[in-house]
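The structure appears right after this line, and notes come after that.
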Amino acid sequence: MTEDIKSLNLKELETRLLAMGEKPFRAKQIYPWLHIKHVETFEEMTDISSKLKEKLKASSVLTVLKQVQVQCSKVDGTRKYLFALADGNMVESVLMRYKHGNSVCISSQAGCRMGCRFCASALGGLVRNLTPGEMLEQIYRIQKDIGERVSHVVVMGTGEPLDNYDNFLKFIELLSDEYGLHISQRNITVSTCGIVPNILKLAQEKLQITLALSLHASTQEKRMALMPVAKKYEIHQVIEACEYYFRQTGRRITFEYSLVGGVNDSKEDAQLLAGLIKGQNCHVNLIPVNPVRERGYVQPNPQAVVNFKNELEKYGINVTIRREMGRDIDGACGQLRKRFMDL
């Protein structure tokens, strides 16, 4: 059975080579070709024998995503990529340029089964999980395309990372590995809609990644209306899981709050949110919702966004309004993939 060679860590690659009758030191030759030089074929590995290349081809899949489309924002230089997987499924990734470096937002699944009402990613449901190699490849292809290093990674694209828990965990290991891209865990953020058991599991790993909870409501009733996952995990249960994550890791929690006009953007909503999270070491990221044609939700007016922020600050909550990027290029999760699939 062939496997995704980019999903193996160095130790696993050594074990695989030993099983093939090869010396384990070959792993240290092959690994940089995969994770630093980002080769697209085994033939490009110039310091290993033709015989070994044939063995690798017979036993392994070299995952390489195909760039189907790229949109470049004329406003801020954000680049949105549509990649094809080997089986024909599509995933999206976004490159955002900041003063502190290049940040890439990647997808963790093809589709999503969480069904959040304001999100285009869930419109077609979940197709399948991505392998660690397929997650890494989104970063590798973007680095190769722009000829620059990526320094920050956010797992906030299509899919729920904690619904693909084992592959996500392996991805973090490979991404931060000193023999690979070696991106600091402190420069990695994962966004979850709130799968409580896996937040608790992740906390016990004691990684240094930032946890961002998609909260989007200040009451259980409103959260259930926006996010079906709330029917399984009650809002206070999710907040307690985040508190546990902070206690285990020392990493400040980010609460993502999409502001939907006339739904969750009132002064009362802000007051209830402040009460819900008061006392936590946290940061609130306010996101004026990116309108999705199929959903019918609208952005609040700019003053309502500012008023919401000011109200939270009255209660001592650390809060920012997310800088909108890529609005002119299907910037929201799932929009480009959905439009391409509808053709």
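Any read-out appearing in this document is the output of simple, stated calculations on the displayed coordinates, not a laboratory observation. Note that the coordinates shown come from a computational prediction; the quantities given were computed from them, not determined experimentally. Here the Cβ is made from the backbone with ideal geometry for all residues, glycine too, and neighbour counts use every protein chain on show.
Hydrodynamic analysis of region 180-295 uses the Kirkwood radius over alpha carbon pairs. Inserted into Stokes-Einstein at 37 °C and 0.692 mPa s, it gives a translational diffusion coefficient of 221 µm²/s. Each Cα pair under 8 Å and six or more residues apart adds its sequence gap; the mean of these over the residue count of region 21-111 is a relative contact order of 15 percent.
Ordering Leu52, Gln204, Ile253 by Cα displacement along the dipole of the chain toward the positive end leaves Ile253 in first place; charges were set at the Cβ atoms of Lys, Arg (+1) and Asp, Glu (-1).
In region 235-301, inverting the average of 1/r over every pair of distinct C-alpha atoms gives 13.3 Å as the Kirkwood radius.
Computed about its Cα centre, the charge dipole of the chain is approximately 280 debye, with only Lys, Arg, Asp and Glu carrying charge at their Cβ. Ranking of Val94, Val190 by neighbouring Cβ atoms within 10 Å, starting from the fewest: Val190, Val94. The Rg/Rh ratio of region 3-61, with Rg taken over Cα atoms and Rh as the Kirkwood radius over Cα pairs, comes to 0.89. Exposure proxy shown here: for Met20, Met90, the number of other Cβ atoms within 10 Å sets the order, fewest to most, as Met20, Met90. Proximity of backbone amide H atoms, modeled 1.01 Å from N, is registered between Asn102 and Ser151, His152 at under 5 Å, excluding neighbours fewer than 5 places apart on the same chain. This model, with +1 at the C-beta of Lys and Arg and -1 at the C-beta of Asp and Glu, gives region 3-61 a dipole about its Cα centre of some 200 debye.
All C-alpha pair distances within region 1-122, sorted into 10 Å bins from zero, spread as 11, 33, 27, 21, 8, 0 percent across the bins. Per the Kirkwood formula applied to alpha carbons, region 81-163 shows a radius of gyration over Rh ratio, Rg over Rh, of 0.98. Taking other residues whose beta carbon is less than 11 angstrom from the beta carbon of Glu134, and scoring Lys, Arg as +1 and Asp, Glu as -1, yields 0. Note on the chain: dipole from Cβ charges, positive end direction compared against Leu17, Pro32, Val150; the farthest Cα belongs to Val150. The HN-Hα couplings worked out from phi for region 183-188 by the Karplus form 6.51 cos²θ - 1.76 cosθ + 1.60 (θ = phi - 60°) are 7, 4, 4, 5, 9, 10 Hz, whole numbers, x standing for Gly and Pro. Residues whose amide H comes within less than 5 Å of that of Val127, counting only those at least five positions distant or on another chain, are Ala110, Gly111, Cys112 (H built at 1.01 Å from N in the peptide plane).
Cβ crowding within 10 Å ranks His152, His35 as His152, His35, fewest other Cβ atoms first.
The value of relative contact order for the chain, using C-alpha pairs under 8 Å at least six residues apart, is 15 percent. Listed peptides 280-286, 45-51, 208-214 appear in the order 208-214, 280-286, 45-51 once ranked by packing, highest mean of other Cβ atoms within 10 Å at the front. Taking 20 °C and 1.002 mPa s as conditions, the chain diffuses translationally at an estimated 102 µm²/s according to Stokes-Einstein applied to its Kirkwood radius (Cα pairs).
Only helices enter the 222 nm calculation for the chain: every DSSP H run of n ≥ 4 contributes -39,500 (n - 2.57), and dividing by all residues gives -10500 deg cm²/dmol, rounded to 500.
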